[in-house]
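**Student:** Before I ask anything, here is the structure I am working with.
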Amino acid sequence: MLSSLPDSIMAVEGDNKITYVNNSTEQLLYSGARMLLGRKLEDIVPFDSPLVAIVNQVRLKSAIISEYDIVLGGPRHGDKRVDVHASPVIEGNGAIVIQLQERSIAQKISQQLSHRGAARSVAGMASVLAHEIKNPLSGIRGSAQLLEQEVGESDKELTRLICEETDRICALVDQMEVFSNNRPIVPEHINIHLVLEHVRKLAQNGFAKGVTFKEFYDPSIPSARGDKGQLIQVFLNLIKNAAEAVPGAGGEIILTTAYRHGVRVAVPGSSERMHLPLEICVMDNGPGIADDLKPHLFDPFVTTKTNGTGLGLALVAKIVGDHGGIIECDSIKEKKGGGTLFRVLLPSYKGQG
């Protein structure tokens with residue numbers, strides 16, 4: 001029964017020697033039961049790890065202790081964050097049961113809900129702007145065109161400026177109106193590699209000329225579940241951002257696909273819950289994204305570009321969320337000069353994977 005639980009369960013004796021681990025613990029610690037059993041907790045995580053301190057406190061106080069969002073530490077676990085619940089075993093001579101719950105899954109689901117909420121806010125704003133701004137702007141533009149016929153040549157520059165600025169504002173509102181499209185997706189079988197190849201060809205013949213592309217695809221992955229046109233829009237946006245971030249000389253974009261055992265999440269507009277086994281990554285060797293910007297990267301109007309609107313990634317997050325998927329951004333710290341990785345997790349078509 002314990003081995004079937006998604007959370008990691010382990011037991012240690014009075015000297016912190018590990019006496020039991022379930023399957024989830026093996027996955028969390030990247031070690032099999034044979035490697036873990038009989039070893040001390042301090043051999044698995046650093047001696048100054050908060051986990052060791054919690055276990056020692058439980059033994060000292062004979063009380064249940066819970067700590068949230070702690071870092072396991074160590075070269076194998078890095079900055080992996082977990083929630084810890086530790087309790088003493090009655091008449092166990094110092095034995096303790098430890099439950100470890102990885103935070104990344106909960107955070108991904110929370111981020112997904114946050115992205116959907118932000119998209120709904122933009123949709124509501126777009127409908128208000130369309131009525132309260134676009135309609136009056138049409139009148140302003142029409143009046144400027146009439147004035148242009150009456151004024152002298154020196155004043156025509158001002159009337160043209162009015163028309164250009166009203167057109168620019170209308171174009172911005174039109175971009176926001178994309179968020180108000182709440183029609184349910186009609187799912188179909190999508191070969192994600194055909195989508196990526198289509199987008200790569202568009203990029204190399206347009207905005208990404210001179211950028212080196214590398215592809216590492218898993219040919220065995222099943223079909224994705226979704227709308228082909230919308231998924232093209234997602235990866236076109238991600239690759240365009242990557243192309244704008246890479247250096248002029250030596251710019252490189254890496255596309256990868258893989259099959260992963262994903263988390264289960266709810267599909268919008270349905271009671272169905274789906275696995276997300278398809279992982280698609282877009283990586284670049286640009287300067288990377290500032291740490292303080294990452295938590296807000298998919299919020300509307302957040303951008304690092306001088307003339308950007310901050311709606312591109314917000315729309316990407318909305319489309320991925322509408323597909324029941326998850327998108328996340330990481331820095332590629334091990335890459336010389338930095339870099340950025342966008343990871344998209346998508347469901348496979350029902351009955352596959």
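**Student:** Quickly run through segment 5-18 and pick out the residues that are surrounded by 13 or more Cβ atoms within 10 Å (Cβ to Cβ) and more than 13 Å from ILE44 (Cα to Cα).
**Tutor:** LEU5, PRO6, ASP7, SER8, ILE9, ALA11, GLU13
**Student:** I need the helices (runs of 4 or more DSSP H) fully contained in segment 19-66, keeping only those with at least 3 residues that are touching an Asp or Glu at 6+ places or on another chain (Cβ under 8 Å).
**Tutor:** Values: elements: 23-29, 33-36, 41-44, 50-61.
By residue number, 50-61.
**Student:** Something else: Between residues in segment 236-253 that are over 13 Å from GLY339 (Cα atoms) and touching a residue at least 12 places away in the same chain (Cβ under 8 Å) and residues that are in a loop (DSSP other than H, G, I, E, B) and not basic (Lys, Arg), which pairs lie under 6 Å by C-beta distance while being six or more apart or on different chains?
**Tutor:** LYS240/PHE207
**Student:** So for segment 232-252 (the condition being modelled with pLDDT under 90, closer than 30 Å to GLY206 by Cβ, in the same structural domain as GLY321 (by TED's automatic domain parsing) and assigned to a strand (DSSP E or B)), does at least one residue qualify?
**Tutor:** no
**Student:** A further question on this structure: Looking at segment 253-281, which of the residues that are at pLDDT 75 or above and under 21 Å from GLY312 (Cβ atoms) is surrounded by the most Cβ atoms within 10 Å (Cβ to Cβ)?
**Tutor:** ILE280
**Student:** Restricted to segment 205-227, and to residues that are at pLDDT 90 or above and outside any loop (DSSP other than H, G, I, E, B), which residue is farthest from LEU278 (Cα to Cα)?
**Tutor:** Restricting to residues being at pLDDT 90 or above and outside any loop (DSSP other than H, G, I, E, B), the top hit is THR212.
The values are calculated or read from the model by the stated rules, or taken from the named source; none is laboratory data. Since the model is a prediction, treat every value here as computed from it, not as a measurement. Cβ atoms come from the backbone with ideal geometry, glycine included; neighbour counts cover every protein chain shown.
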